[in-house]
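Following: one structure in structure tokens, then a few remarks.
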Amino acid sequence: MPRILWSVGATVLAIPALAHNVTILSDAPVNQEIAGLLVWVLVFSVIVFGVVAGALAYTVWKFRARPGDDELPPQVHGNDRMEIVWTLIPLLIVMVLFVLTAQTLVKLKRPVAGAMVVEATGWQFWWDFQYPDEGLRTAGELVIPVGQTVEVRITSGDVIHSFWPPSLTGKADAIPGEVNRLQFLATKPGNYYGYCAELCGDSHANMRFRILALERQDYDRFVETYRAYTAPEPISPLEAQGKELFDAQCAACHTVKGTTARGVIGPDLSLFGLRTTLGSGVWENTPENLKRWIRDSAAMKPGSKMPAFPQLSDADLEALTAYLYSLKLDGFDFAQLPRY
Ligand code: CUA
């Protein structure tokens with residue numbers, strides 16, 4: 001009996017927690033839509049739970065064995081009317097939920113005119129973001145404007161991944177050779193967490209991303225300055241030494257806009273100094289983490305395709321980080337964005 005009480009208690013306690021979750025998620029329009037649907041599911045579940053648990057409790061109490069009850073009670077075999085009723089009611093509930101779900105799905109999948117298009121490609125274990133209309137590219141962190149629907153066209157360069165920014169929308173699989181679409185809208189500026197939601201290898205759990213939503217005018221300024229951007233020339237001997245090392249060691253795989261570094265195997269590092277995270281949204285972008293990352297990324301992220309560089313001295317790492325942090329646009333600091 002105590003075990004049953006525990007289960008019932010846990011279920012009852014879980015309901016407000018779920019409702020709370022729904023309110024957290026309900027900020028974005030897509031989630032309001034889904035939250036509305038969830039409320040219906042919740043209402044039906046609570047009613048069904050109440051009726052079934054109530055009937056069970058009543059039956060157990062009413063027909064319990066009493067002292068002196070030695071004989072079996074009359075045995076009942078089937079009751080057509082009851083069976084029809086308890087088949088029809090769930091059928092009706094499922095049909096209502098089906099209609100509501102279909103309505104929501106149609107609403108969510110309807111193309112929004114004037115949506116901003118972004119192409120997201122999953123790789124083991126990071127995300128590449130291209131902005132075809134703006135002619136821009138970022139990695140690990142997708143920059144979008146607030147208040148405009150964004151259509152992400154999702155695909156993969158290797159195995160199946162799944163693109164999931166839970167506080168903005170649901171998920172869509174990234175499948176090689178196919179494009180799945182996901183539309184969402186951020187209502188307020190912020191640094192929104194994203195995850196890969198499909199087991200894709202050793203570092204599936206380390207394959208995250210961020211969506212940086214900026215106010216419209218900030219986003220427009222971002223696009224304008226990034227379009228005109230070429231990596232700044234090193235302003236110190238340390239940065240110059242870092243650039244030299246970068247060109248020798250890193251340029252075959254990474255791009256830095258406006259330099260001879262044009263590699264496309266790894267993430268685009270043109271705006272590395274602006275990134276809030278490294279290693280695909282997993283670690284804070286600090287010099288300590290960056291140095292550890294460059295020296296042996298696979299030690300931080302199993303399965304990382306980036307080779308280790310044990311031959312780099314501490315002074316080399318100092319120079320490389322100085323150069324990488326110089327790669328940014330003036331007047332932007334994404335670290336200020338609230339995180340969701
Ligand atoms: Cu990519 Cu899991």
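Every number here is computed from the coordinates shown, using simple stated rules; none is lab data. Just so it is clear, the structure is predicted and the values come from calculations on it, not from any experiment. A quick note on method: Cβ atoms are made from the backbone with ideal geometry, for glycine too, and the neighbour counts reach across all protein chains shown.
Summing -39500 (n - 2.57) over the DSSP H runs of n ≥ 4 in the chain and dividing by its residue number, what mean residue ellipticity at 222 nm do you reach, to the nearest 500 deg cm²/dmol? Write out the running numbers ahead of the final one.
On the way: 8 runs with 139 residues, N = 340.
Using -39500 (n - 2.57) per qualifying helix, the result is -14000 deg cm²/dmol.
Based on other C-beta atoms within 10 Å, arrange 161, 204, 77, 254 from fewest to most. Numbers along the way, then the final one.
Details: 161 32, 204 19, 77 4, 254 22.
Neighbour counts put them in this order, fewest first: 77, 204, 254, 161.
What ranking of 106, 48, 146 emerges when the number of other C-beta atoms within 10 Å of each C-beta is taken as an exposure proxy, fewest first?
On the way: 106 9, 48 13, 146 16.
If I rank by nearby Cβ atoms, fewest first, I get 106, 48, 146.
Give me the number: length gained by fully extending residue 108 to residue 52, i.e. 0.36 nm times residue separation minus the C-alpha to C-alpha distance, one decimal in nm. Could you put the intermediate results ahead of the total?
Working: separation 56, 0.36 × 56 = 20.16 nm, distance 3.39 nm.
Length gained, residue 108 through residue 52: 16.8 nm.
So in the chain, what percent of DSSP beta bridges are antiparallel if you round to the nearest 5? Can you show the working numbers first?
Numbers: 28 of 42 bridges.
The antiparallel fraction comes to roughly 65 percent.
Among 237, 311, 156, which residue has its Cα furthest toward the positive end of the charge dipole of the chain, with +1 on Lys/Arg Cβ and -1 on Asp/Glu Cβ?
156
Would you mind checking 188/291; 291/328; 109/257; 257/301 for any pair whose Cα atoms are more than 30 angstrom apart?
On the way: 188/291 33 Å; 291/328 18 Å; 109/257 35 Å; 257/301 26 Å.
In this structure, 188/291; 109/257 lie more than 30 Å apart at Cα.
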